[in-house]
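The values are calculated or read from the model by the stated rules, or taken from the named source; none is laboratory data. Please read all numbers here as calculations on a predicted model, not as lab measurements. Using ideal geometry, Cβ is built from the backbone for each residue, glycine included, and neighbour counts are taken over all protein chains shown.
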Amino acid sequence: MVSFTRHILDNGLRVIIHEDHSTPLVAVNTQYFVGSRDEQPDKTGFAHLFEHLMFAGSKNAPEFDDPLQRSGGENNAYTTNDYTTFYEILPAENLETALWLESDRMLALSITKKSFEVQRKVVIEEFKETCLNEPYGDAWHHMSELMYKVHPYRWPVIGLTPEHLENAVLDDVKNFYRHWYSPNNAVLVICGKVNTAETLEMVKKWFGPIPPRDTPVRKMPVEPKQKGAKFREVRADVPLPAIFLCFRSPARGHKDFYALDLLSDVLAQGNSSRLYRRLLKEQRLFSSIDAYLTANFDPGLIVLEGKPADGVSVENAIEGLWKELDALSNEAIEERELLKIQHRFESTVVFSETSVLNKAQNLAYYEILSRAEWMNEEVDAYLEVTPADMQRMAKETFRKDNSATLVYVPESK
């Protein structure tokens, strides 16, 4: 159980404070409720661009990293379809340095022609390196396009094409910042060796004067029901064939998400999981195999991916996958198998809460998703899942008309 207090400043900033005096450190996590789904179809990649731009300096802190490093801290950030996170971890006595830096870039980020050009080049180069020049690097471009037709999840976080950033102008970037990077669209979480009352006063000092801004009203289109199986073969410069089998899944906050999440563990969590044990070790159809959920705020995907073993055809490997999925739909999972997965999940959660940074990120995530209290309640939701729930979700999810198959074939073949 992670105890915390919530405070909402007059400008709308939600502040979560958790005291942990077992560590000399403090973690600061600033999470903005903006991701790639908030971009325009012809202007994608902006949320990821701001993951970089936010480190380009602000009015009173032209160098973000330097004062933080001199305070003994480190930082990083990441972008998702649904939100963007920035975090610092540093000695608790230097907390104010992190608050000053985060507040200054929330209020007055330096979006100049020079900083924009520099970061645009960095992001475009990253796009080329990770998506265009890396084997299977454009898999998410294909999967997103196959599974979504109207929802903005139809492009990946890094953007649909580098031309969107190449053609962007400075006003486009400034407008994106003005719309989304405001106190009333953010959550600030502070975890570590702090005093709640003193920390709150410090937060008010640095963030209280920042005015709120009008954020756009979200009108996310509802993806229509899929009407048939989809298939795409990509011939590319890849070393081995690869298979990505995708299915639509419930949104992260939906009650059925928990059963499907546990099903992904039954399929591919560890050496005793079904796909690893049966398809890789026993039948030797695959040389590697995995299963995971995207866990999006809106309905997302569950993905099974693997590389067929040497000498195994793509067709036989896919057939083996479907046999295992059909078994989940037709046979109830044994209570013992479910309990093992549930207990493993519970221990993972407990272990993660030993880190102040994990706690800070999780509290911010749950507060953006719904409410921070959910962090302490979700374990019970997973433990309440029954074999019948999992079999029902297997039947509803693992259907041909709910699927898309992406296959990579080496050009030489």
Does ALA47 count as among the small types (Gly, Ala, Ser) and touching a Gly at 6+ places or on another chain (Cβ under 8 Å)? yes
Which of the strands (runs of 3 or more DSSP E) contained wholly in the stretch 202-315 include at least 1 residues that are touching a residue at least 60 places away in the same chain (Cβ under 8 Å) and either crowded, with 16+ Cβ neighbours inside 10 Å or in contact with a helix residue (DSSP H, G or I) (Cβ under 7 Å, 6 or more places away or on another chain) (or both)? 230-236, 242-249, 300-308
Are there any pairs, at least 6 apart or on different chains, whose C-beta atoms fall under 8 Å, with the first in the stretch 166-193 and without any contact (Cβ under 8 Å) to a residue 12 or more places away in the chain and the second of a type outside the set (Asp, Glu) and surrounded by 15 or more Cβ atoms within 10 Å (Cβ to Cβ), and if so, which? none
Note on the stretch 182-198: residues surrounded by 14 or more Cβ atoms within 10 Å (Cβ to Cβ) and either basic (Lys, Arg) or farther than 21 Å from ARG371 by Cα (or both) are LYS193, VAL194
Among the residues of the stretch 38-57, is any without any contact (Cβ under 8 Å) to a residue 24 or more places away in the chain, hydroxyl-bearing (Ser, Thr, Tyr) and either out of contact with any Pro (no Cβ under 8 Å at 6 or more places or on another chain) or under 25 Å from VAL173 (Cβ atoms) (or both)? no
What number of residues within the stretch 58-82 satisfy the criterion of being in contact with a strand residue (DSSP E or B) (Cβ under 9 Å, 6 or more places away or on another chain), surrounded by 20 or more Cβ atoms within 10 Å (Cβ to Cβ) and either not assigned by TED's automatic domain parsing to the domain that holds ARG120 or not in a helix (DSSP H, G or I) (or both)? 5
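Residue-wise test of (1) over 30 Å from GLU134 (Cβ atoms); (2) under 25 Å from the mean Cα position of the chain (by Cα); (3) of a type in the set (Val, Ile, Thr).
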| position | (1), (2), (3) |
| --- | --- |
| PRO152 | no, yes, no |
| LEU165 | no, yes, no |
| PRO183 | yes, yes, no |
| LEU188 | yes, yes, no |
| TRP206 | yes, no, no |
Counting only residues that are surrounded by fewer than 16 Cβ atoms within 10 Å (Cβ to Cβ) and touching a Ser or Thr at 6+ places or on another chain (Cβ under 6 Å), the stretch 145-178 contains a total of 0
Return the residues of the stretch 118-136 that are closer than 20 Å to PRO239 by Cβ and of a type in the set (Asp, Glu); say none if nothing qualifies. GLU129, GLU134
Is at least one residue of the stretch 137-150 closer than 28 Å to PRO212 by Cα and assigned by TED's automatic domain parsing to the domain that holds GLN69? no
Based on what the data block shows, is TYR83 among the hydroxyl-bearing types (Ser, Thr, Tyr) and farther than 19 Å from ASN175 by Cα? no
